[in-house]
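For reference, the structure is listed below as structure tokens.
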Amino acid sequence: MNILIASSEAAPLAKTGGLADVCGALPKALRALGHEATLILPAYRSTKKFPTEPTGVEIKVCIGGKEVRGTYLKCSVPEIAAPVYLVEHNMYYDRAGLYNENNVDYGDNCERFVFFAYAVLEAVRLLNLKVDILHLNDWQTGLVAALQAIFYRDYPGYEKIATLFTIHNIAYQGSFPAEAMSLTGLHWKYFNWLQMECCDQLNLLKTGLVFSDGITTVSPSYAEEITQSPGGCGLEGVLHNRKDVLWGIANGIDVDVWNSEKDAFLPSHFSLATLEEGKRACKTALQEEMGLPVCPETPLVGLVGRLTEQKGFDLAIELAYRKMAEGANMQWIFLGTGDALLERKLKELAQKYPNNVAASIQYSNELAHRIIAGCDIFLMPSRFEPCGLTQLYSYQYGTVPVVHATGGLIDTVCDLSDETIANHTATGIRFNNADMEGITWGLNRALDVYANQQEVWRQMQKTGMQLDVSWAQSAEKYVEIYKRIQRKFPRGN
Ligand code: ADP
Ligand code: GLC
């Protein structure tokens with residue numbers, strides 16, 4: 001099958017979160033299964049450091065009455081191992097951020113992604129791409145589904161293209177004032193509560209959900225959660241109506257990049273057989289790097305993520321204060337950027353307890369690898385989590401995830417219990433409520449097992465390391481869905 005994946009992010013070209021990891025790794029996994037996968041994304045400033053060649057092909061689109069021109073670049077990235085096209089329009093995309101700067105969204109985000117949506121569809125014709133499935137991701141590509149269904153499907157070469165829309169996070173919907181409808185080039189009749197409008201605004205995520213041939217989200221539990229309130233963030237009704245074409249497929253990870261035996265960013269490498277020594281070496285190097293006392297026996301808790309309401313860092317900060325007040329012998333390392341208040345709170349916490357807490361307020365992929373590999377416990381108090389990747393990365397390094405039981409964290413973390421100890425399936429600890437009681441219970445349980453049941457701890461580490469969290473299985477599931485929605489015959493036949 002020929003699959004064109006359209007996304008606003010793909011690692012290592014452009015990344016703000018897990019969407020990039022998924023779109024960077026899925027093409028390679030699909031190719032390994034014998035399918036032709038191609039990726040298309042905007043040519044951001046961050047993509048400029050990768051080698052590109054011009055295609056010489058220009059695109060012209062009319063947006064809100066003005067003609068907008070751009071070009072396509074071809075880019076080769078060994079990690080992606082699939083053809084990548086970049087849509088170049090420097091005024092739109094050559095900026096410091098992908099969607100915002102200093103926590104303020106760009107004012108022309110709607111226009112930027114309307115242009116990208118047209119560029120994705122025009123690429124099929126202008127670059128002569130063979131496409132059976134157009135795989136769309138998140139609100140930035142929602143309009144593509146509508147344009148294909150309303151305009152393009154009647155043109156030669158487009159009749160058989162089916163669209164799959166993947167929801168990575170329903171909390172981000174691409175909502176814009178109603179006037180933005182005129183940028184889309186679509187008739188105002190589509191601006192109604194059953195199609196593109198939501199709460200008097202143009203909603204590009206809803207547009208994708210309504211007009212695509214199939215919908216997936218990034219875990220089975222999240223697929224359930226988003227058909228109800230509050231999980232659906234107002235779009236539960238839309239999803240409920242499309243339940244027959246909604247599926248949940250848990251993300252995989254790129255095991256070439258997140259790999260304790262060859263991770264380029266680690267001070268030493270280890271396998272299952274050398275877990276104890278290897279982990280100790282990574283842990284002590286990390287303590288040193290973060291300016292914490294080097295104590296191999298002290299439990300080390302790590303958190304890495306976007307500092308937003310979703311990720312529950314506020315709960316972890318409060319818990320760290322309480323633990324320090326109790327005089328607990330433990331260490332914490334935080335890595336994240338985002339909300340200014342959380343950034344400030346993290347700095348204050350680290351300043352107050354320099355021997356127990358280190359906080360790095362930056363985006364650093366290398367440090368993320370070293371923290372995930374060097375910690376004993378990886379804490380994820382997410383209020384909601386469509387899939388989550390960092391718990392899967394933790395498994396690769398014998399780091400035990402302690403997570404709020406929500407979304408993909410339910411599907412990917414097997415909770416410690418008498419039964420899961422006995423049958424060797426436990427991989428972490430889940431707590432039921434994203435509040436102080438829940439997180440305290442979860443972390444205390446982990447600290448207790450770490451200190452007093454070392455055999456069980458070792459077993460959890462090893463079970464996690466042996467899990468197959470690669471893309472292989474998930475990519476097969478995507479192929480099954482692609483086949484289900486594939487259009488065998490043009491419309492009308
Ligand atoms: P989300 O997509 O909601 O942010 P995921 O767990 O799916 O959550 O993916 C987050 C990705 O972003 C992971 O690869 C994680 O390592 C990375 N990440 C998040 N914050 C940072 C940071 N400050 N520095 C480096 N990597 C980060
Ligand atoms: C989103 C979600 C995260 C998921 C990622 C990749 O940003 O918040 O849970 O892992 O997308 O699908």
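The values are calculated or read from the model by the stated rules, or taken from the named source; none is laboratory data. Treat the numbers as computed from the prediction; the structure is a model and nothing was measured. As a convention, Cβ positions derive from the backbone with ideal geometry for all residues, glycine included, and neighbour counts pool all protein chains shown. The protein model used for the area step is the full one, side chains on, heavy atoms only, and it has no ligands, DNA or RNA in it. Shrake-Rupley method; radii C 1.70, N 1.55, O 1.52, S 1.80 Å.
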(request) Please give the number of the condition residue 377 fails out of (1) in contact with a helix residue (DSSP H, G or I) (Cβ under 7 Å, 6 or more places away or on another chain); (2) within 8 Å of ligand 1 (Cβ to nearest atom). (result) (2)
(message) Name the residue that is nearest to residue 409 (Cα to Cα), counting only residues in segment 248-278 that are aromatic (Phe, Trp, Tyr) and open to solvent by less than 50 Å² (accessible area, probe 1.4 Å).
(response) 258
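Here are some residues: 362, 396. Which one is open to solvent by 10 Å² or more (accessible area, probe 1.4 Å), in contact with a Ser or Thr (Cβ under 9 Å, 6 or more places away or on another chain) and in contact (Cβ under 8 Å) with a residue 40 or more places away in the chain?
Among 362, 396, only 396 is open to solvent by 10 Å² or more (accessible area, probe 1.4 Å), in contact with a Ser or Thr (Cβ under 9 Å, 6 or more places away or on another chain) and in contact (Cβ under 8 Å) with a residue 40 or more places away in the chain.
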(request) Out of the residues in segment 26-37 that are touching a strand residue (DSSP E or B) at 6+ places or on another chain (Cβ under 7 Å) and in a helix (DSSP H, G or I), state the one that is surrounded by the fewest Cβ atoms within 10 Å (Cβ to Cβ). (result) 31
(request) For residue 367, state whether it is under 19 Å from the mean Cα position of the chain (by Cα), over 16 Å from residue 428 (Cα atoms) and among the hydrophobic types (A, V, I, L, M, F, W, C). (result) yes
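Just to be sure I understand, how many residues within segment 1-25 are assigned to a loop (DSSP other than H, G, I, E, B) and either free of Cβ contacts under 8 Å to residues at least 24 places away in the same chain or within 24 Å of residue 170 (Cβ to Cβ) (or both)?
Residues that pass the stated criteria total 7.
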(request) Show the residue pairs that are 6+ apart or on different chains and have beta-carbon atoms under 7 Å apart, the first residue being within segment 304-316 and closer than 18 Å to residue 363 by Cα and aliphatic (A, V, I, L, M), the second being more than 12 Å from ligand 2 (Cβ to nearest atom) and not in a helix (DSSP H, G or I). (result) 304/335; 304/336; 307/336; 307/337; 307/338; 307/339
(message) Considering only segment 167-174, I want to know if a residue exists there that is outside any helix (DSSP H, G or I), free of Cβ contacts under 8 Å to residues at least 60 places away in the same chain and within 16 Å of ligand 2 (Cβ to nearest atom).
(response) yes
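In this structure, does residue 340 turn out to be open to solvent by 60 Å² or more (accessible area, probe 1.4 Å), within 16 Å of ligand 1 (Cβ to nearest atom) and at pLDDT below 95?
Taking the combined requirement at face value, the residue does not satisfy it.
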(request) State which residue pairs qualify: first residue surrounded by fewer than 15 Cβ atoms within 10 Å (Cβ to Cβ) and inside segment 425-439, second residue part of a loop (DSSP other than H, G, I, E, B) in any location, beta carbons under 6 Å apart, and separation of 6 or more residues or different chains. (result) 432/405
(request) Quick one: which strands (runs of 3 or more DSSP E) lie wholly within segment 318-434 and hold at least 1 residues that are of a type in the set (Ser, Thr, Tyr) and within 16 Å of ligand 2 (Cβ to nearest atom)? (result) 331-338
(request) State yes or no: is residue 268 in contact with a helix residue (DSSP H, G or I) (Cβ under 8 Å, 6 or more places away or on another chain), of a type in the set (Ser, Thr, Tyr) and away from ligand 1 (no atom under 16 Å from the Cβ)? (result) yes
(message) Among the residues in segment 244-264, are any farther than 30 Å from residue 32 by Cα and either small (Gly, Ala, Ser) or in a loop (DSSP other than H, G, I, E, B) (or both)?
(response) no
